Amino acid sequence: MTTTQQKQPKQLRVQRGILGGPLNLRLTPDEMIRVEKYAADEFRSRASFLRVMILAGLEQYERNIAINQ
């Protein structure tokens, strides 16, 4: 199998209707380039990649709060 024929990993998705509405987000051009690169590396859409990043950031934030209390 050549590199162009590699299978894409299966994306885990949330059931339809579970998520809230869309969220507008502004990024600098450099940030957008980074997001697009990492999303492509993981075979994800930009929105899917950003959701993963937000969830990871929330977990880290909550750990920091627990440590500081």
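The figures follow:
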| read-out | value |
| --- | --- |
| Ordering of 30-37, 61-68, 48-55, 19-26 by packing [mean C-beta count within 10 Å, highest first] | 48-55, 30-37, 61-68, 19-26 |
| Cut-off 13 Å between beta-carbons: net charge of the residues surrounding Ala39, Lys and Arg +1, Asp and Glu -1 | +1 |
| Sites Arg34 and Leu55 - FRET efficiency at Förster radius 25 Å, r taken between beta-carbons, to 0.05 | 0.90 |
| Projected label distance in nm at Leu27 and Glu62, using a 7 Å step from Cα toward the beta-carbon | 2.4 nm |
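Laboratory data are not the source of any read-out in this text; all were calculated from the coordinates shown. All values reported here derive from a predicted model rather than from experimental measurement. Cβ atoms come from the backbone with ideal geometry, glycine included; neighbour counts cover every protein chain shown.
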